[in-house]
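Single-structure report; data block below.
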Ligand code: GLU
């Protein structure tokens, strides 16, 4: 990774698009709030980053060495917190950018964590379960020295889930020689996980959408929405919105977009996903049979709807696709789905955008609830979990909305200012030593 320092400003840039965007967004918010230049420099770098090699014995007896990373951007507010992703575009720089976003997400979320992220560069869909297990355990052992309930608490992210968390936790517990459920979150419910965590990110995104409707005086039963991605985030976002009366006119996944202007029955889509999931690779493939039209995946952006919820990939709203968007409101369920150029274009055209680190913060807030329960050895009911989650998200939404309205800035700018302020104040209070 080339670490570039911009001439004249002395500021950091990166040839990795995600890290570069994270840095540009941070600098621009820091300038807006006149943040002390010392704090700007400190917060533009990750505190710690480790690169690990992950040798895996493949099923055919050969050995493949994967590249893995774990980054702790900040531990100012508490242990660094963030997921582990398995994807081909994972690099140390990308993890740095994502870890920085986690710092702002946790800060804005009002939870006692800093930001971290990790991952392995791999196509996990091409690995057998045994290969994935060996890879995950070796990665877990290699990052174990910096993981801990009071130091760095990983969680699932793209292409990882409860099973990966159990493998990592089991490996580290065996290395430690004692049981430690709070060293990571996103565990299965039957094994120290929390009831509510699976739906938490979607519940948070849906709550942000509904709060935005309330703030704009819109009646959910008169609103239409499209949801991109039908995984852990999008599926629950769509379901919870529908329960609140919103008409979901299209859903999509890597197999295509499924569209019905009269509304798609999301419970049916869940049912469809759960019938013969292995046969369709856990996807919506064939769902057009259930009374909807199938169109190409990226065409979801151009469909007529009031709200668009990008809940899948980064960069889907870019300078080419943004002019096609019909929706007037965007709620970012995914991390970084909008490029800065696209956001500028959309803002100029009156689109209101709820930024990722507010809209998808339900996941990490839910992780905090799981961690707190693990530390106590005590479990909450689903109702307690959901009520606390929705209350926190509503509160955070209002904070961001009110500041944006009062200062005539975008919600992203407002979210950044609120998030950076909490971290910067603590860094300043704690001082520079180490
Ligand atoms: N991977 C999720 C995120 O990006 C959750 C992280 C966590 O729970 O620590 O927010």
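The values are calculated or read from the model by the stated rules, or taken from the named source; none is laboratory data. As the structure is a prediction and not an experimental result, all values here were calculated from the model. Ideal geometry is used to build each Cβ from the backbone, glycine not excepted, and the neighbour counts take in all protein chains shown.
Brief remarks follow.
- Listed here are the helices (runs of 4 or more DSSP H) enclosed by region 352-434 that have at least 3 residues being farther than 15 Å from residue 207 by Cβ: 362-376, 382-407, 411-430.
- Of the criteria (1) away from the ligand (no atom under 11 Å from the Cβ); (2) not in a loop (DSSP other than H, G, I, E, B), which one residue 155 fails: (1)
- Residues in region 164-195 that are over 24 Å from the mean Cα position of the chain (by Cα), in a loop (DSSP other than H, G, I, E, B) and free of Cβ contacts under 8 Å to residues at least 24 places away in the same chain: 177, 178, 179.
- Of all the residues in region 273-297, those that are in contact with a helix residue (DSSP H, G or I) (Cβ under 9 Å, 6 or more places away or on another chain) and either surrounded by 21 or more Cβ atoms within 10 Å (Cβ to Cβ) or part of a loop (DSSP other than H, G, I, E, B) (or both) number 9.
- Meets criteria (closer than 25 Å to residue 87 by Cβ, in contact with a helix residue (DSSP H, G or I) (Cβ under 6 Å, 6 or more places away or on another chain) and surrounded by fewer than 17 Cβ atoms within 10 Å (Cβ to Cβ)) for residue 319: yes
- Tally of residues being in a helix (DSSP H, G or I), in contact (Cβ under 8 Å) with a residue 24 or more places away in the chain and either more than 19 Å from the chain's Cα centre (by Cα) or closer than 16 Å to residue 390 by Cβ (or both) across region 214-239: 6
- Filtered residues of region 71-103 (kept if more than 11 Å from the ligand (Cβ to nearest atom), touching a residue at least 40 places away in the same chain (Cβ under 8 Å) and buried (at least 24 other Cβ atoms within 10 Å of the Cβ)): 71, 72, 73, 74, 86, 94, 95, 96, 97, 100, 103
- Residue 61 vs. criteria within 11 Å of the ligand (Cβ to nearest atom) and either touching a strand residue (DSSP E or B) at 6+ places or on another chain (Cβ under 8 Å) or free of Cβ contacts under 8 Å to residues at least 12 places away in the same chain (or both): no
- Subset of region 331-343 that is part of a helix (DSSP H, G or I) and at pLDDT below 95 - its residue that is farthest from residue 185 (Cα to Cα): 341
- Members of region 118-149 that are within 15 Å of the ligand (Cβ to nearest atom) and not in a helix (DSSP H, G or I): 118, 119, 120, 147, 148, 149
- Selected residue (only one of 264, 301 is crowded, with 21+ Cβ neighbours inside 10 Å, more than 24 Å from the chain's Cα centre (by Cα) and either in contact (Cβ under 8 Å) with a residue 60 or more places away in the chain or under 12 Å from residue 226 (Cβ atoms) (or both)): 264
- Sub-6 Å Cβ pairs linking a first residue in region 110-136 that is without any contact (Cβ under 8 Å) to a residue 12 or more places away in the chain and closer than 26 Å to residue 43 by Cβ to a second residue that is within 14 Å of the ligand (Cβ to nearest atom) and assigned to a strand (DSSP E or B), at least 6 apart or interchain, number zero.
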